[in-house]
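One structure below.
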Amino acid sequence: SGLPSWFDLLHSVEDLFTPTGTQEERKLGNATNWDPLQMADFLEGICSSRQDRYGVKATLKRRICNHIEEHRPRPGLLLSLLISLPCQSIVTQNYDRLIEKAFECWNIRDALSSKELSVIPYHPRRNAHHWLLKMHGCITAS
């Protein structure tokens, strides 16, 4: 799907707060032996207390959402196969919009049997044929 790992994502946020954005300037280093939650706590403190080297002040959540939106990942084969299954509900822990994009691609490909999707709790739709429950939020709802 093209999404970065948590370590890569958090390192890219940290790089915004270094003088030139190089890996050598990181306080968290290049190692992946840190717990991602500890890394996120450390970075949230930095993000909420000052501007990055471009003069932008934003929360860690907003920065992560921006990073994902900028890279515009596409749904992979697994998600395409998932939405083609004869089930009406999907529960996910993913925060991206890849499942919704897979439904959009399905509807473009097969307009005769388009699938209307209700995304709970962000975009519920009455009488939708399918529903998606997003347990950990959505990048568009930040």
At 222 nm, what value in deg cm²/dmol follows for the chain if DSSP H runs of at least 4 each add -39500 (n - 2.57) and the sum is divided by all its residues, to the nearest 500?
-12000 deg cm²/dmol
Of the residues 66, 49, 137, the Cα lying farthest along the dipole of segment 6-141 towards its positive end, which is defined by charges on the beta carbon of Lys, Arg, Asp and Glu, belongs to 137
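What are the semi-axes of the equivalent ellipsoid of the chain, taken as the square roots of 5 times the eigenvalues of the Cα gyration tensor, listed largest first and rounded to whole Å?
35, 15, 13
If you count, for each residue, the other Cβ atoms within 10 Å and average over each peptide, how do 49-58, 93-102, 75-84 line up from highest to lowest?
Numbers: 49-58: 11.0, 93-102: 19.0, 75-84: 15.0.
Order by mean packing, descending: 93-102, 75-84, 49-58.
Each value in this text was obtained by applying a stated rule to the coordinates, not by laboratory testing. These numbers were taken from a predicted model, which means no experiment stands behind them. For neighbour counting, all protein chains shown are included, and Cβ atoms are generated from backbone atoms with ideal geometry for every residue, glycine included.
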